[in-house]
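Undergrad: Sharing a structure below in structure tokens format, with a few things to ask.
The values are calculated or read from the model by the stated rules, or taken from the named source; none is laboratory data. Remember, predicted model here, so these are calculated numbers, not experimental data. Cβ coordinates were reconstructed from backbone atoms using ideal geometry, including for glycine residues, and neighbour counts include every protein chain displayed.
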Amino acid sequence: MYFKLISLCICCYFVQIACSQQDGELISVVTVGIQEQYDLGKWVRERYHDFLPKEYSSKQVYVRSTDHERTLTSAEAHLAGLFPPQGREIWNKSLLWRPIPVHTTWKDNDDVLAMDTDCPKYDRLYKDLMNSDYFMKIDEDNKELYSKDSHIFSRRLLFN
């Protein structure tokens, strides 16, 4: 089972809330984004409580992230909500958190999460999706929002 821990699209409105930006590059998750990931982890825990192990176990759970500060931070916040320490896992009663490893690999070796690999089929499918009636409607419905908030990115916010 794979969970996309952070659903950010450079052109989506919520990026400006969840991340800070420098020179057009998303650089870090800000406190709102950390809280959102933590809450998402809690929601996933509640929704899939019958499926997920009660406690974190490295034999049952393997977490992998790209090697960017924002994605590692997001994964850690998500895991804090997903696996709150219980019983023997509590090592500090005033800090109900436990470290959970987040693995990463070199970008050049990452065939799973690195999305900048040249893949014509992916590019075609992505373009088809962004030009679908569904996304075109979202784009049309949010044109006012895009123009109102585009000053934050200093560019237009569009899906395609």
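Undergrad: Could you list, in sequence order, the residues of the stretch 115-157 that are at pLDDT 70 or above, outside any helix (DSSP H, G or I) and surrounded by 12 or more Cβ atoms within 10 Å (Cβ to Cβ)?
TA: The answer is 131, 132, 142.
Undergrad: In the stretch 85-99, which residues are closer than 15 Å to residue 34 by Cα and touching a residue at least 24 places away in the same chain (Cβ under 8 Å)? Give the derivation first.
TA: Applying the first criterion (closer than 15 Å to residue 34 by Cα) to the stretch 85-99 yields 97.
Selection gives nothing.
Undergrad: Can I ask one more? Among the listed residues 76, 69, 46, identify the single one that is of a type in the set (D, E, K, R), surrounded by 15 or more Cβ atoms within 10 Å (Cβ to Cβ) and under 24 Å from residue 32 (Cβ atoms).
TA: Values: 69 fails: surrounded by 15 or more Cβ atoms within 10 Å (Cβ to Cβ); 46 fails: surrounded by 15 or more Cβ atoms within 10 Å (Cβ to Cβ).
Selected residue: 76, the only one of 76, 69, 46 that is of a type in the set (D, E, K, R), surrounded by 15 or more Cβ atoms within 10 Å (Cβ to Cβ) and under 24 Å from residue 32 (Cβ atoms).
Undergrad: Being surrounded by 13 or more Cβ atoms within 10 Å (Cβ to Cβ), at pLDDT 85 or above and of a type outside the set (A, V, I, L, M, F, W, C) is the filter here; which residues of the stretch 102-114 pass it?
TA: 104 - this is the single residue of the stretch 102-114 that is surrounded by 13 or more Cβ atoms within 10 Å (Cβ to Cβ), at pLDDT 85 or above and of a type outside the set (A, V, I, L, M, F, W, C).
Undergrad: Limited to the stretch 46-74, what total is found for residues that are aliphatic (A, V, I, L, M) and not in a loop (DSSP other than H, G, I, E, B)? Break it down into steps so the answer makes sense when it comes.
TA: Kept after step one, since they are aliphatic (A, V, I, L, M), are these residues of the stretch 46-74: 52, 61, 63, 72.
Then drop every residue that is not not in a loop (DSSP other than H, G, I, E, B), which leaves 72.
Going through the stretch 46-74 one residue at a time, the tally reaches 1.
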